[in-house]
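Accompanying notes for the structure given below.
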Amino acid sequence: MGGGKGRNLDSSGHWKWGMLYHNPEDSKLWVEKLHGWGWTLNMARPTAWVILAALLLAPLALFLLTT
């Protein structure tokens, strides 16, 4: 996780706006962020969209169920 070890810097063309990673040839679902600490989803994977939808819809559903 630290310092970009193992990061393929040649893949910078797969980053949109420096935040969104989209590489259909990369089988990894989670990839290290280009800048800063942490991990992000490979948005070329269908599972990433399911995870993103769940993360966005869960708070909305909770709000709607409690009001």
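Points worth noting:
- Per-region count, segment 34-44, residues surrounded by 12 or more Cβ atoms within 10 Å (Cβ to Cβ) and at pLDDT 90 or above: 6
- Segment 1-33 - residue that is in a loop (DSSP other than H, G, I, E, B), at pLDDT 55 or above and of a type in the set (A, V, I, L, M) and, of those, surrounded by the most Cβ atoms within 10 Å (Cβ to Cβ): LEU29
Okay, residues lined up against (1) among the hydrophobic types (A, V, I, L, M, F, W, C); (2) part of a helix (DSSP H, G or I); (3) over 11 Å from the mean Cα position of the chain (by Cα):
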| residue | (1), (2), (3) |
| --- | --- |
| HIS35 | no, no, yes |
| ALA44 | yes, no, no |
| THR47 | no, yes, no |
| LEU60 | yes, yes, yes |
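The values are calculated or read from the model by the stated rules, or taken from the named source; none is laboratory data. Just so it is clear, the structure is predicted and the values come from calculations on it, not from any experiment. When we count neighbours, we look across all protein chains shown, and the Cβ atoms used for this are built from the backbone with ideal geometry, even at glycine.
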